[in-house]
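Okay, structure first, notes after.
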Amino acid sequence: MRILLIRLLLADLLATLLFFGLTRFVDQTSQISDGAGVVFYSGSPREAAARIDKGIALLEAGKVDRLVMVGGHRPQEGIVGSQEMALRAIRKSGYGARISADVTSRDTISGLQNLADQPGLTGARQLVFVSNCMHLMRAKTIYHSVAQGGPVARSACARSSLNPMDIWKRAHYEAAAWMLYILPQSWRDSILDRLRGEDINP
């Protein structure tokens with residue numbers, strides 16, 4: 001039993017390292033021009049700050065001409081995370097006219113499904129997803145399944161922790177999120193209702 005546990009642990013660590021390594025190739029910042037930034041919400045203050053900073057940096061470099069924050073609608077907690085991030089970005093950058101928020105999305109899937117209805121993204125030639133590299137791999141996969149002919153999407157990785165424990169936690173969070181994504185929609189919605197409150201746009 002002890003040998004089995006050690007083997008399972010080693011396999012888990014190897015899978016985490018492989019996944020982390022693969023996601024290093026997701027970043028396309030150097031290839032981005034003339035896009036609209038889509039910044040994903042994070043409940044971690046450090047992660048949120050890194051994503052806001054990346055979005056502002058893209059604006060200042062002229063790689064995107066606007067930012068839309070998505071995700072973080074939490075009815076049970078009485079917060080709208082995307083709106084909070086948008087306000088923080090506006091205060092920090094002064095680009096009030098170029099930063100907006102989708103206040104209805106509560107997760108990556110609903111955030112991507114709502115993109116077509118976002119006034120802040122009207123006429124965008126390409127979308128630039130801003131998050132950590134591990135999340136962006138999942139976000140782009142989901143986008144291609146729900147976009148239905150939408151603009152090309154590119155990825156811009158925000159700074160993330162290189163602490164091994166943080167990497168391990170994020171990799172396993174992503175594994176759980178992938179499993180949630182492949183569930184039937186009714187099951188997925190039921191789980192999200194329990195975790196984050198009922199979606200106001202079911």
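Worth pointing out:
- Residues with amide H under 5 Å from that of V39, placed H, sequence gap 5 or more: V68, M69, V70, V130
- Loop exposure criterion: trypsin sites (Lys or Arg not before Pro), DSSP state outside H, G, I, E and B, at most 16 other Cβ atoms within 10 Å. Applied to the chain, the longest stretch between such sites is 25-124.
- Couplings 3J(HN,Hα) of region 106-116, computed from phi: 10, 7, 4, 5, 5, x, 6, 5, 7, 4, 5 Hz, in residue order, whole Hz [Karplus 6.51 cos²θ - 1.76 cosθ + 1.60, θ = phi - 60°; x for Gly and Pro].
- In the chain, taking the dipole from charged Cβ atoms about the Cα centre, the farthest positive-side position among P164, G111, W187 is held by P164.
- Placing unit charges on the Cβ atoms of the charged side chains and taking the dipole of region 26-161 about its Cα centre, the candidate lying farthest along the positive direction among T29, M137, I99 is T29.
- Full extension of the chain segment joining I79 with R2 gains 23.2 nm, where the gain is 0.36 nm per residue of separation less the Cα-Cα distance.
- Compared with the direct C-alpha span, the chain from V152 to D34 gains 41.3 nm at full extension, assuming 0.36 nm per residue.
- Within region 26-161, all pairs of alpha-carbon atoms sorted by distance into 10 Å bins from zero give the percentages 14, 50, 33, 3.
- Spread of Cα-to-Cα distances over 5 Å intervals beginning at zero, given as percent, for region 1-90: 2, 12, 17, 15, 14, 11, 10, 8, 6, 3, 1, 0
- Region 118-154 residues near the modelled V103 label - backbone nitrogen below 15 Å, point 7 Å along Cα→Cβ: 118-120
- With loop membership from DSSP and a limit of 16 other Cβ atoms within 10 Å, the longest segment of the chain without chymotrypsin sites (Phe, Trp or Tyr not before Pro) is 96-202.
- Mean ellipticity per residue at 222 nm, deg cm²/dmol - from DSSP H runs of n ≥ 4 across the chain, formula -39500 (n - 2.57): -16500 deg cm²/dmol
- Using only side-chain charges placed at the Cβ, +1 for Lys and Arg and -1 for Asp and Glu, the dipole size of region 1-51 relative to its Cα centre rounds to 300 debye.
- Longest exposed-site-free window of the chain, the sites being GluC sites (Glu not before Pro) in a DSSP loop that have at most 14 other C-beta atoms within 10 Å: 78-197
- Fraction of antiparallel bridges per DSSP, the chain only, in percent to nearest 5: 10 percent
- Note on the chain: with charges restricted to the Cβ of Lys and Arg (+1) and Asp and Glu (-1), its dipole about the Cα centre is near 500 debye.
FYI, it's all coordinate maths here, none of it is from the lab. Nothing here was measured: the structure is a model prediction, and the numbers come from that model. Positions of Cβ are backbone-derived with ideal geometry, glycine not excepted, and every protein chain shown enters the neighbour counts.
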